[in-house]
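*Asks:* Got a structure for you, written out below as structure tokens; questions coming shortly.
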Amino acid sequence: MKDMGYDSDDDESEDQKKKLYQAARQQFIQQTRQSVKENLENANMPDQRVYIVSNEPMLGVMKEKRPKKVIDEIELLSDLIGEAQTRRARRDAEAATVVKEK
């Protein structure tokens with residue numbers, strides 16, 4: 001936020017502080033995603049989904065609370081659960097096929 005003109009010594013309004021925080025947060029997210037994309041390209045790896053998470057909001061999501069400052073925590077948990085269900089269903093289908101063959 002300091003890069004965007006915020007000075008904690010100034011008596012800025014809460015509204016101005018919130019606006020600066022939101023702008024700084026969006027800039028952080030955008031720059032992080034761009035950096036990851038460039039690093040993947042430089043490593044000759046395909047573009048892929050990358051999650052930006054923080055420990056405190058993730059803990060809140062895991063405890064079924066509604067943290068205010070989530071980025072990708074909810075999507076990560078949702079994707080992990082979906083992937084686990086898909087793998088479990090695939091494993092169960094393969095096991096059923098093996099039993100039928102015997």
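*Asks:* Looking at this structure, is residue 72 acidic (Asp, Glu) and loosely packed, with under 10 Cβ neighbours inside 10 Å?
*Replies:* no
*Asks:* Give segment 42-69 a look and list any residue that's more than 21 Å from residue 29 (Cβ to Cβ) and open to solvent by less than 80 Å² (accessible area, probe 1.4 Å), or say none.
*Replies:* Within segment 42-69, 43 is the sole residue that qualifies.
*Asks:* Quick one: how many residues across segment 11-27 are loosely packed, with under 12 Cβ neighbours inside 10 Å and modelled with pLDDT of 60 or more?
*Replies:* Within segment 11-27, the first condition is being loosely packed, with under 12 Cβ neighbours inside 10 Å, and the residues that meet it are 11, 13-15, 18, 22, 26.
Checking which are modelled with pLDDT of 60 or more leaves us with 13-15, 18, 22, 26.
Here the count works out to 6.
*Asks:* For a quick check of your reading of the model, give me the residue pairs whose first member lies in segment 44-59 and is under 11 Å from residue 74 (Cα atoms), whose second is part of a helix (DSSP H, G or I) and open to solvent by less than 90 Å² (accessible area, probe 1.4 Å), with beta-carbon atoms closer than 7 Å and at least 6 apart or on different chains.
*Replies:* Within 7 Å, the pairs are 51/75; 51/76; 52/29; 52/32; 53/73; 53/76; 57/73; 58/73.
*Asks:* Please count how many residues of segment 70-102 are under 30 Å from the mean Cα position of the chain (by Cα) and without any contact (Cβ under 8 Å) to a residue 40 or more places away in the chain. If you could, list the steps in order and put the result at the bottom.
*Replies:* Taking segment 70-102 first, the residues under 30 Å from the mean Cα position of the chain (by Cα) are 70-92.
Subset that is without any contact (Cβ under 8 Å) to a residue 40 or more places away in the chain: 70, 72-92.
The number of residues fulfilling the criteria is 22.
The values are calculated or read from the model by the stated rules, or taken from the named source; none is laboratory data. This structure is a prediction, so every number in the text was calculated from the model and none was measured. No Cβ is skipped: glycine too gets one built from the backbone with ideal geometry, and neighbour counts run over all protein chains shown. Please note that ligands, DNA and RNA were not included when accessible areas were found on the heavy atoms of the full protein model with its side chains. Shrake-Rupley method; radii C 1.70, N 1.55, O 1.52, S 1.80 Å.
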